[in-house]
Every structure is written in structure tokens, then in C-alpha cells.
1. Take region A:69-107 and flag every residue that is closer than 21 Å to A:Lys52 by Cβ and among the aliphatic types (A, V, I, L, M).
2. So which residues in region A:97-114 are touching a Gly at 6+ places or on another chain (Cβ under 8 Å) and buried (at least 16 other Cβ atoms within 10 Å of the Cβ), if there are any at all?
3. Taking A:Gly154 as meeting all but one of (1) open to solvent by less than 40 Å² (accessible area, probe 1.4 Å); (2) under 24 Å from B:Ser92 (Cα atoms), write down the number of the exception.
4. Taking region A:17-33 as the search range and keeping residues that are in contact with a helix residue (DSSP H, G or I) (Cβ under 6 Å, 6 or more places away or on another chain) and surrounded by fewer than 21 Cβ atoms within 10 Å (Cβ to Cβ), which one is modelled with the highest pLDDT?
5. Considering every residue within region A:7-22, establish whether at least one is under 23 Å from A:Ala252 (Cα atoms) and of a type in the set (Val, Ile, Thr).
6. So which residues in region A:174-190 are open to solvent by less than 40 Å² (accessible area, probe 1.4 Å) and modelled with pLDDT of 90 or more, if there are any at all?
7. Among the residues of region A:259-267, is there at least one that is under 30 Å from A:Gly135 (Cα atoms), away from chain B (no Cβ under 14 Å) and assigned to a helix (DSSP H, G or I)?
8. Is it true that some residue in region B:6-13 is within 14 Å of chain A (Cβ to nearest Cβ), part of a helix (DSSP H, G or I) and under 27 Å from A:Ala57 (Cα atoms)?
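The values are calculated or read from the model by the stated rules, or taken from the named source; none is laboratory data. Keep in mind the model is a prediction, meaning the values are calculated, not measured. Quick reminder, even Gly has a Cβ in these numbers, built from the backbone with ideal geometry, and neighbours come from all protein chains shown. Side chains are part of the model used for accessible areas, which takes the heavy atoms of the whole protein and leaves out ligands, DNA and RNA. Shrake-Rupley method; radii C 1.70, N 1.55, O 1.52, S 1.80 Å.
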Amino acid sequence: MPVNCIRCNQNRAILKRPKTGDAMCKECFFFVFEEEIHKTITDAKLFKPGEKIGIGASGGKDSTVLAYVLKTLNERYNYGVELVLLSVDEGITGYRDDSLESVKRNQIEYNLPLKVITYEELYGWTMDEIVKKVGRKNNCTFCGVFRRQALDRGGLILGVNKLVTGHNADDIAETIFMNILRGDIGRLQRCTSITTGNEGAIPRCKPFKYTYEKEIVMYAYFKKLDYFSTECVYSPNAYRGNARMFIKDLEAIRARSIIDIIHSGEKLAVKKDAKLPIQGTCERCGYISSMNLCKACNLLEGLNKGLPKLGIGKTDRLRKQYNLSPAYSLNSSMANLSLKSSQLSLNSEKDCNCDCGENSEKSCSNQAKNSNNQLNNKLETIVDLNF
Amino acid sequence: MLHLTIEFSGGAELLFGNVKKHQVELNNDTKWTIRELLVWIKDNLLKHKPEMFLQDETIRPGILILVNDSDWDLLGNLSYELNDNDNVTFISTLHGG
């Protein structure tokens, strides 16, 4: 039995909207899909005329649809913003190299400039090399932490005013749920904001905050947009995967659940006496951080010193054992100690002449290098056993 | 015989040897609904990981089904009765970028 579109009442419906249950034809669906995103953008005043907006583009469905829709809306409603594509190349053979091809096709089709920033140029390590060092257990931690900074650093290079990402309603519901499960109140409070990072880093916006994944995929399908879809060749994040399947199960039973979880998340108030992490800056690279050393610098130090477990979970003991400067939360009393804010870029880690991975500003002797090498060998053995 | 075109995309094709389009013929002695088709696909086309395709005797949540480019949610889902020359498309939403 063909169903007619609830909006125009003329054409055959092709989609049942998960948010509302409405049956809609193709043209009406395109219209309401784009209009809702336009409304999200204007209600939250995401863009100002003259701004340069970096679109985090992975080549996947969300960012491909985001680039297409933003270009469409920018022309239709004269936002007056300059759109640029920004891609991060983690250096994962057989995954990112393929998806970047799809970004490059979009770049040509949508006629938008593209900047690709690589982990190799930012950190001196590709993900393939990192996985060789750390194994397949915590690799997603490295990748996630590095990617977040990579987008910001790419944005700085491009001189963008804002970054937009393709995070959709399903992603946000999933993140709310994960933060509840982890008791991460700081993130729980932040994760529902449409714009984050006003405190210094480049603001990040999610125009798809209220857009269902199902509709994004249907939109891409009916518009025949070219996107890349495959699993990352390295093991997926199992914890997020579970949260994801839970959200999808809920959606199958009651599709509104997703938007309702977001609503609940937005309205949650954090008790006044709840201790929240103090946001400061990393003393090494200047990036926003609730520790004296940001997660990326911690992980990078671990990689460069052959201590890949550094920065994963509690690593105080490890830092002490190998005589590394302590890492501590900015909430703790140690934050009162005077810190040397060196504001170095991550690349300067490589400046040291002796190639030991040490920062040029810090003492680095051949003696230290030798002991480091011995350490590396020992630790590699331990690490092999552990992973 | 019942002639169907079955397509997989959005990453769902990875479960089917990376083949996106399949032309199949089914014996139409009995009626075929999506419910029976899913089991037939699992037994005849699926290469591995059945839990990535089916869950509790229906499609795994997160994989969309369209029949002749219409959302199966409008067609009665599992109980939709297939017709000759129907085109059934499976699109995974579960794959990231």
C-alpha cells in the first residue's frame, strides 16, 4: 500500500521520519531536512557573515552530507561564510588513504578548498607506526586524543574562526550515555552544547546535533552523495560500540528515544558541590587541558621514550619510576606551584639534536639517551607481554 | 520464480564479500516476506559474522532497508510481501568515516 507524503499530500512517501514518525516524499524530505539544519544554525547563531568555517571532513557519510548541506544553505540563505574542508590523515593504510580519496572527490565536486593535516607532520608518528609500538589495545586512545588536537591545529593553520563537525543526534545520545556510565560529569555537562571550546581553542559546532543518523544516510542515498564507509582497520572502540548498539536498540523500539536522551542531557543540572576539572593549558604545548600536561603530550612523551603506557589510565607510578616530571590535575594543590609555560608547538619535540625525542629546552645528554635506549628495550619486552 | 535485486551499501557490502549488487531468483511456491528473505540472505549470501546482519530474527538495528527506494518502515517491515522484480537495498549506518 503506497503511503502519501504528509506534507504535500501528493507524492508517494519514501521515508518514515524517525523523529516525528511522519511519512514523507523525497522532495519534502530534502526540504525539511535542510530547513531543520538551517533552523539549528540560526537559532544557535552559529555563523556570522565574513567568518571562515572549517568543515572537519573524513570522507564518511556525516561530514560528506555536512559539506553538501552547508554549501547549499550558505548559498540559499546568504550566510556569507567561507567554507573550507579540513581533513586529518592519521596515517592508517587501507583506511584513511581510501577515505581521503572520497574527500578529494568532494572537494572537486563542491568546489571547496581542502587542507589535509597529517599525524606525521604534527606528532612525528603515523597511526600505523603507533600501533606497531603500542599494540592493538590502547591505539584508539592515541588516535582519538591526537585527532582532536589535529583538527584544532589544522584550523589554526587555515585561520578558521570555527570548526564544524558532522556529529549527529545518535552520536550525541551515545556520548551522553557513555559519560553517565563513566561518571564523567565534566564531559556530561559539556557534551550537549552545540558549540564547545569557546575558552581559547577554536570553537567547535555541531550543526547536526538534532539530525538523526538514519536521515543523514537516507539523504546521502537519495542525493547520491559519494561517501566512504568502512571500519577502521584497527580494532574499534568496544565501549563506544556497546553504547552505540544500545542506542540503536532503543531507536528500534522507540525512535524518539534519541532526541529525548539529548533533551534530558541538555536539561541536566550539575550540583553546585560537584567537583569539576579546572580547564587550564598544557605547560608544554599550550593546548587546553585539565592537567599540567595535556593528554596528547603525555601520550607523545610515552611514545618517544618507549613508554607507550604513559598517559593511559593512572600513570603516576610509571612517571615516578622513570624519573619523569610529574603529571597532575590542575585541581590539585600542585597547581599552585609556579609552572614554566613554554607554549611550544608539538613539533619542537623533535628539535633536539640528539634525536632522543626530548624537548630541546630540557636537558638531554647522551647518557640519558643510552639509558633511554636500555629502557626502551626492557619496556618493549614488557609491553609485548602485556598486549 | 521470484526475481529480486538485492543491494548492500554503506559498509553492509563488507559482510557479503564486498559485492554490492546481487541478482537472485527464489522459488515462489510459498510467499516471501522480508522475514523469510533475511533468513535466506543469511544462509545464502552472507559470508561471515551473522550477528552483524541479524539480531533477534530481524535486521540488526542500524541497518536500513529500502524496497524499491521506499523505507521499509512504511511498508510493514518484516511482513512486507515481496513481488517479482522488487529491489531490496540494505544500507548500514553503523560505519564511521
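1. Result: A:Val69, A:Leu70, A:Leu73, A:Val81, A:Leu83, A:Val84, A:Leu85, A:Leu86, A:Val88, A:Val103.
2. The answer is A:Ser99, A:Leu100, A:Ser102, A:Val103, A:Asn106.
3. That leaves (2) as the condition not met.
4. Taking region A:17-33 as the starting set, the residues that turn out to be in contact with a helix residue (DSSP H, G or I) (Cβ under 6 Å, 6 or more places away or on another chain) are A:18-19, A:23, A:26, A:33.
This time we only want the ones that are surrounded by fewer than 21 Cβ atoms within 10 Å (Cβ to Cβ), so: A:19, A:26.
Values: A:Lys19: 93, A:Lys26: 97.
Among them, the one singled out is A:Lys26.
5. Narrowing region A:7-22 to residues under 23 Å from A:Ala252 (Cα atoms): A:13-22.
If we keep only those that are of a type in the set (Val, Ile, Thr) too, we end up with A:14, A:20.
Yes - at least one qualifying residue is present in region A:7-22.
6. A:Glu174, A:Thr175, A:Ile176, A:Met178, A:Asn179, A:Leu188, listed by residue number.
7. First pass over region A:259-267, keeping only residues under 30 Å from A:Gly135 (Cα atoms): none.
So far as region A:259-267 goes, no, none of its residues is under 30 Å from A:Gly135 (Cα atoms), away from chain B (no Cβ under 14 Å) and assigned to a helix (DSSP H, G or I).
8. First pass over region B:6-13, keeping only residues within 14 Å of chain A (Cβ to nearest Cβ): B:7-13.
Keeping just the survivors that are part of a helix (DSSP H, G or I) gives B:12-13.
Filter again for under 27 Å from A:Ala57 (Cα atoms), leaving B:12-13.
Yes.
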